[in-house]
Amino acid sequence: MMETTHSKLAEKFIADEPRTDWHDETLWLVREKRDKAAHGLPEWEQLREWGSQIKNHSLSNFSVYLKEFEEKATANGIQIHWAANAEEHNQIIHKIIEKHKIQKIVKSKSMLTEECHLNEYLEKKGVEVVDTDLGERIVQFRKEPPSHIVLPAIHLKKQDVSETFHQHLNTEKGNNDPQYLTEAARQHLRNKFIESDLSITGVNFAIAETGGFVICTNEGNADMGSHTAAVHIACMGFEKIIPKAAHLAVFLRLLARSATGQPITTYSSHFQKPRKGQEIHIVIVDNGRSRQLGREDFRNSLKCIRCAACFNTCPVYRRSGGHSYHTSTAGPIGSILNPNLDMKANADLPFASTLCGSCTNVCPVKINIHEQLWKWRQEIVKQGYVDTSKKISMKGMAFLFSHPLLYRFTGKMARWIMCTFPFMVNNKLNVWYKQREMPKAPKESFTDWYKNNKKNTK
Ligand code: SF4
């Protein structure tokens, strides 16, 4: 049995009830903003359909578009590197750093570098990496992973941030004023930008037709880093490729609205070629993506544009927090991507869902998220990665459901016990009861009720 299952970690998170309520409500507010922005565009469903079709087309033609991208980018003076896995990705980046004898690096938000554990790798080699996205910097100070792909510190309150900044930036103790705290972060990061010689960023979209790429941020930190540093390394999973520049219009409109309800991300920066004296490198990473592409039921999870709309709407994510998913990408899409990377270690994740389908409804590129979660459950059971207690109880239920007489008898006994000795069910050993009121047991089963009522209507 896994030591850090989603349910165990969620138990830790929900122990703080006010924080859980606040986390739930805050993310629901983001979901509502997304709804308002989406409903404000009459062509929203058409955009989703286009987004989905462009991505479907790219999925079937990755090799063509990646090759085209490499040719065009190289012709523009960008250096392309290919990494089969996380280890290779980290090694390539370290080699570039070593070649330039660089010690200080700024990095903007990139979930791929989280997936590859780049910070830990570089820190072990004696390189200082400073995350420049405000939320990422906060969690970096606290030595925590991000809990959300768009809002990395959403699990923290301003009081937590104030205490963290007091410890690391020497701000006034107890001063929780967001403007004061943001200004302190701004001054701190400004120096880091100036001192740094190398900037690492992610890539939101790579365009095969032009060899250029686009990075979307709300803080402009990717631009600050790459404009001041002599070397810019952009890291991209190969699924970020899109065929044409014209397709950007679809995705930029979908991304910002789905993520935060904004009509456009504050900075959607286009990179085409290095300026004079600068180097741009792009590391294109597989790390299990081609395996996922080969899994028929899960391949279209590679369409994801990392907007996090599925996180914000998910009743399980909102009330269990991102750290309960124990992986770099949490939420419903993380529960589909991570079992592909390590099925045994992440076998619990597809079960962290009510399968209500809300994730599928909001996904801007129409990924059938809840159906894939359900499919993963079947695959994980087939591969024998569910824990023994679940296996035994499921076998027991299957036996019960396939023997009607036994089922009716058990139901009768259970109703009698619940009515006569309610404490046998309503006690602290019953995990279901811990969080809920148990309903009063009915006197008869639905089958009996139906039979009696059917008779009465004759
Ligand atoms: S799966 Fe869809 S909703 Fe979830 S992050 Fe990806 S694009 Fe957004």
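The values are calculated or read from the model by the stated rules, or taken from the named source; none is laboratory data. Everything quoted here is computed from the prediction, not taken from an experiment. Neighbour counts are summed over all protein chains in view; Cβ atoms, including those assigned to glycine, are modelled from backbone coordinates with ideal geometry. Accessible surface is based on the protein model in full, side chains and every heavy atom, while ligands, DNA and RNA are left aside. Shrake-Rupley method; radii C 1.70, N 1.55, O 1.52, S 1.80 Å.
Could you please give the count of residues in segment 60-73 that are closer than 21 Å to LEU112 by Cβ and surrounded by fewer than 15 Cβ atoms within 10 Å (Cβ to Cβ)?
Count: 2.
Are any residues in segment 339-364 away from the ligand (no atom under 13 Å from the Cβ), touching a helix residue (DSSP H, G or I) at 6+ places or on another chain (Cβ under 6 Å) and open to solvent by less than 40 Å² (accessible area, probe 1.4 Å), and if so, which ones?
PRO339, ASN340, ASN346, ALA347, ASP348, LEU349, PRO350, ALA352 - these are the residues of segment 339-364 that are away from the ligand (no atom under 13 Å from the Cβ), touching a helix residue (DSSP H, G or I) at 6+ places or on another chain (Cβ under 6 Å) and open to solvent by less than 40 Å² (accessible area, probe 1.4 Å).
Does ALA441 satisfy the condition of being under 29 Å from SER7 (Cα atoms), of a type in the set (Gly, Ala, Ser), open to solvent by less than 70 Å² (accessible area, probe 1.4 Å) and touching a Phe, Trp or Tyr at 6+ places or on another chain (Cβ under 9 Å)?
yes
Starting from segment 229-243, keep only residues that are within 25 Å of ILE102 (Cβ to Cβ), then list their pairs with residues that are part of a strand (DSSP E or B) and of a type in the set (D, E, K, R) whose Cβ atoms are within a distance under 9 Å, requiring at least 6 positions of separation or different chains.
ALA230/GLU279; VAL231/GLU279; HIS232/GLU279; ILE233/GLU279
Taking the condition of being away from the ligand (no atom under 14 Å from the Cβ), closer than 17 Å to PRO146 by Cβ and either over 14 Å from the mean Cα position of the chain (by Cα) or among the small types (Gly, Ala, Ser) (or both), how many residues in segment 312-338 meet it?
Number of matching residues: 3.
Quick one: in segment 290-311, of everything that is crowded, with 18+ Cβ neighbours inside 10 Å and among the polar types (S, T, N, Q), which residue is nearest to the ligand (Cβ to nearest atom)?
In this case the residue turns out to be SER301.
So, in segment 376-424, exactly how many residues are within 16 Å of the ligand (Cβ to nearest atom) and open to solvent by 70 Å² or more (accessible area, probe 1.4 Å)?
Looking only at that region, the number is 0.
Restricting attention to segment 272-289, does a residue exist that is over 17 Å from PHE251 (Cβ atoms), open to solvent by less than 40 Å² (accessible area, probe 1.4 Å), at pLDDT 95 or above and within 16 Å of the ligand (Cβ to nearest atom)?
Yes, there is a match, as at least one residue in segment 272-289 is over 17 Å from PHE251 (Cβ atoms), open to solvent by less than 40 Å² (accessible area, probe 1.4 Å), at pLDDT 95 or above and within 16 Å of the ligand (Cβ to nearest atom).
Might you let me know whether segment 130-141 holds any residue that is hydroxyl-bearing (Ser, Thr, Tyr) and either touching a His at 6+ places or on another chain (Cβ under 9 Å) or open to solvent by 40 Å² or more (accessible area, probe 1.4 Å) (or both)?
Scanning segment 130-141 turns up no residue that is hydroxyl-bearing (Ser, Thr, Tyr) and either touching a His at 6+ places or on another chain (Cβ under 9 Å) or open to solvent by 40 Å² or more (accessible area, probe 1.4 Å) (or both).
Under the condition of being touching a helix residue (DSSP H, G or I) at 6+ places or on another chain (Cβ under 6 Å) and among the small types (Gly, Ala, Ser), which residue from segment 253-299 is nearest to ILE200 (Cα to Cα)?
Going through the qualifying residues, I end up with SER269.
Has segment 365-373 got any residue that is open to solvent by 20 Å² or more (accessible area, probe 1.4 Å), β-branched (Val, Ile, Thr) and in a helix (DSSP H, G or I)?
no
What is the residue count in segment 119-151 for residues that are of a type in the set (Asp, Glu), part of a loop (DSSP other than H, G, I, E, B) and more than 26 Å from VAL30 (Cβ to Cβ)?
Number satisfying all stated conditions: 0.
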